[in-house]
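Let me begin by presenting the structure, written as C-alpha coordinates, before commenting on it.
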Amino acid sequence: MLDDIDRRLLRHLQADPAQSVGDLAEAARVPLASAYKRLEKLQSSGVLRGQRAVIDWRALGFEVEVSLRITLDKTNPRAFDEFLAAARKVPEVIEIQTFLGRVDARLKVIARDLAAYQQVYRNSILNLPHMADIEALMQVAEIKNSTSFPI
(Lines give C-alpha, C1' and ligand atoms only; values in the text may rest on other atoms or scores of the structure.)
Protein backbone atom coordinates (compact mmCIF):
# COMPACT_ATOMS: atom_id res chain seq x y z
CA MET A 1 0.00 0.00 0.00
CA LEU A 2 2.72 2.48 0.98
CA ASP A 3 6.01 2.59 -0.84
CA ASP A 4 9.32 3.86 0.56
CA ILE A 5 8.67 7.45 -0.57
CA ASP A 6 5.25 7.54 1.11
CA ARG A 7 6.77 6.17 4.31
CA ARG A 8 9.56 8.77 4.26
CA LEU A 9 7.06 11.58 3.77
CA LEU A 10 4.85 10.32 6.59
CA ARG A 11 7.81 9.82 8.97
CA HIS A 12 8.99 13.40 8.40
CA LEU A 13 5.46 14.78 8.60
CA GLN A 14 4.87 13.02 11.95
CA ALA A 15 8.16 14.43 13.27
CA ASP A 16 7.16 18.01 12.39
CA PRO A 17 3.59 18.50 11.15
CA ALA A 18 4.00 22.27 10.95
CA GLN A 19 6.73 22.19 8.31
CA SER A 20 6.01 23.43 4.82
CA VAL A 21 5.57 20.95 1.97
CA GLY A 22 8.81 22.30 0.52
CA ASP A 23 10.71 21.51 3.72
CA LEU A 24 9.00 18.13 3.92
CA ALA A 25 9.95 17.30 0.34
CA GLU A 26 13.55 18.31 1.01
CA ALA A 27 13.76 16.27 4.22
CA ALA A 28 12.28 13.20 2.51
CA ARG A 29 14.48 13.73 -0.59
CA VAL A 30 11.45 13.95 -2.89
CA PRO A 31 10.76 16.50 -5.64
CA LEU A 32 8.28 19.17 -4.51
CA ALA A 33 5.64 18.30 -7.14
CA SER A 34 5.85 14.63 -6.20
CA ALA A 35 5.48 15.46 -2.50
CA TYR A 36 2.31 17.48 -3.22
CA LYS A 37 0.81 14.68 -5.31
CA ARG A 38 1.65 11.98 -2.82
CA LEU A 39 0.31 13.95 0.15
CA GLU A 40 -2.91 14.62 -1.76
CA LYS A 41 -3.21 10.90 -2.57
CA LEU A 42 -2.57 9.97 1.08
CA GLN A 43 -5.29 12.42 2.14
CA SER A 44 -7.85 11.30 -0.43
CA SER A 45 -7.28 7.63 0.44
CA GLY A 46 -7.82 8.36 4.14
CA VAL A 47 -4.30 7.44 5.27
CA LEU A 48 -3.51 11.05 6.19
CA ARG A 49 -6.55 12.41 8.00
CA GLY A 50 -5.25 15.89 8.71
CA GLN A 51 -3.19 17.91 11.12
CA ARG A 52 -4.13 19.37 14.45
CA ALA A 53 -2.81 21.39 17.32
CA VAL A 54 -2.02 19.41 20.44
CA ILE A 55 -2.70 21.50 23.53
CA ASP A 56 -1.05 20.63 26.83
CA TRP A 57 -3.98 21.00 29.21
CA ARG A 58 -1.62 20.75 32.20
CA ALA A 59 0.07 23.95 31.03
CA LEU A 60 -3.37 25.58 31.24
CA GLY A 61 -3.75 24.62 34.91
CA PHE A 62 -5.58 21.29 34.68
CA GLU A 63 -3.74 19.10 37.19
CA VAL A 64 -6.08 16.13 37.59
CA GLU A 65 -6.70 13.35 35.06
CA VAL A 66 -8.99 10.47 35.89
CA SER A 67 -9.81 7.45 33.79
CA LEU A 68 -13.32 6.17 34.49
CA ARG A 69 -14.18 2.61 33.56
CA ILE A 70 -17.92 2.31 33.09
CA THR A 71 -20.10 -0.78 32.97
CA LEU A 72 -23.55 -0.06 31.58
CA ASP A 73 -26.93 -1.54 32.45
CA LYS A 74 -27.61 -3.17 29.11
CA THR A 75 -31.21 -4.11 29.84
CA ASN A 76 -32.16 -1.00 27.86
CA PRO A 77 -31.40 -1.42 24.14
CA ARG A 78 -30.58 2.31 23.87
CA ALA A 79 -28.17 2.28 26.84
CA PHE A 80 -25.00 2.73 24.79
CA ASP A 81 -26.38 5.46 22.54
CA GLU A 82 -27.95 7.44 25.38
CA PHE A 83 -24.87 7.11 27.62
CA LEU A 84 -22.49 8.22 24.84
CA ALA A 85 -24.69 11.14 23.83
CA ALA A 86 -24.78 12.39 27.42
CA ALA A 87 -21.05 11.82 28.02
CA ARG A 88 -20.18 13.86 24.90
CA LYS A 89 -21.90 16.87 26.48
CA VAL A 90 -19.61 16.95 29.55
CA PRO A 91 -16.84 19.45 28.68
CA GLU A 92 -14.35 17.87 31.11
CA VAL A 93 -14.63 14.51 29.32
CA ILE A 94 -11.87 14.76 26.74
CA GLU A 95 -11.83 11.17 25.54
CA ILE A 96 -14.44 8.41 25.20
CA GLN A 97 -13.71 4.82 24.25
CA THR A 98 -15.99 1.79 24.07
CA PHE A 99 -15.01 -1.84 24.61
CA LEU A 100 -16.20 -5.40 24.31
CA GLY A 101 -15.99 -7.22 27.64
CA ARG A 102 -16.75 -6.47 31.29
CA VAL A 103 -16.02 -2.75 30.90
CA ASP A 104 -18.25 -1.05 28.30
CA ALA A 105 -16.70 2.43 28.15
CA ARG A 106 -13.80 4.50 29.37
CA LEU A 107 -13.94 8.24 29.90
CA LYS A 108 -10.89 10.44 30.36
CA VAL A 109 -11.83 13.35 32.61
CA ILE A 110 -9.67 16.37 33.40
CA ALA A 111 -10.09 18.97 36.12
CA ARG A 112 -8.10 21.85 37.61
CA ASP A 113 -7.82 20.16 41.01
CA LEU A 114 -9.46 17.49 43.17
CA ALA A 115 -12.24 19.80 44.32
CA ALA A 116 -13.13 20.62 40.71
CA TYR A 117 -13.01 16.91 39.81
CA GLN A 118 -15.33 16.12 42.70
CA GLN A 119 -17.83 18.69 41.37
CA VAL A 120 -17.67 17.24 37.85
CA TYR A 121 -18.03 13.73 39.23
CA ARG A 122 -21.03 14.53 41.41
CA ASN A 123 -22.82 16.95 39.08
CA SER A 124 -22.12 15.41 35.67
CA ILE A 125 -20.61 11.94 35.71
CA LEU A 126 -22.98 10.39 38.26
CA ASN A 127 -25.92 11.77 36.25
CA LEU A 128 -24.95 9.92 33.07
CA PRO A 129 -27.67 7.42 32.13
CA HIS A 130 -27.57 3.63 32.35
CA MET A 131 -24.45 3.21 34.48
CA ALA A 132 -24.36 -0.05 36.45
CA ASP A 133 -20.79 0.29 37.76
CA ILE A 134 -18.01 2.85 37.70
CA GLU A 135 -14.33 2.56 38.61
CA ALA A 136 -12.05 5.58 38.85
CA LEU A 137 -8.32 5.41 38.16
CA MET A 138 -6.38 8.60 38.87
CA GLN A 139 -3.34 9.08 36.68
CA VAL A 140 -0.12 9.53 38.63
CA ALA A 141 2.37 9.71 35.75
CA GLU A 142 2.32 9.53 31.98
CA ILE A 143 5.08 7.21 30.85
CA LYS A 144 4.43 7.13 27.11
CA ASN A 145 1.98 9.04 24.95
CA SER A 146 2.59 8.80 21.24
CA THR A 147 0.32 9.47 18.32
CA SER A 148 3.08 8.59 15.86
CA PHE A 149 2.66 5.46 13.81
CA PRO A 150 5.86 3.40 13.39
CA ILE A 151 6.41 3.72 9.65
Residue that is farthest from F62 (Cα to Cα) [pool: residues in segment 115-143 that are touching a strand residue (DSSP E or B) at 6+ places or on another chain (Cβ under 7 Å), outside any helix (DSSP H, G or I) and among the hydrophobic types (A, V, I, L, M, F, W, C)] = A132
Can we say A28 is hydrophobic (A, V, I, L, M, F, W, C) and out of contact with any Lys or Arg (no Cβ under 7 Å at 6 or more places or on another chain)?
-> no
In segment 84-103, which residues are out of contact with any Asp or Glu (no Cβ under 7 Å at 6 or more places or on another chain) and part of a strand (DSSP E or B)?
-> V93, I94, E95, I96, Q97
Candidate set: segment 4-60, residues that are touching a residue at least 40 places away in the same chain (Cβ under 8 Å) and of a type in the set (K, R); chosen: the one surrounded by the fewest Cβ atoms within 10 Å (Cβ to Cβ) | R7
Output for Cβ contacts, cut-off 8 Å, separation at least six or different chains, first residue assigned by TED's automatic domain parsing to the domain that holds A79 in segment 90-113, second surrounded by fewer than 13 Cβ atoms within 10 Å (Cβ to Cβ) and among the small types (G, A, S), reads R112/G61
Among helices (runs of 4 or more DSSP H) entirely inside segment 1-81, those with 1 or more residues being under 30 Å from Q118 (Cβ atoms) are none
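The values are calculated or read from the model by the stated rules, or taken from the named source; none is laboratory data. Computed from a prediction, not measured in an experiment: that's the story for all the values here. Here Cβ is always computed from backbone atoms with ideal geometry, including for glycine, and neighbour counts include all displayed protein chains.
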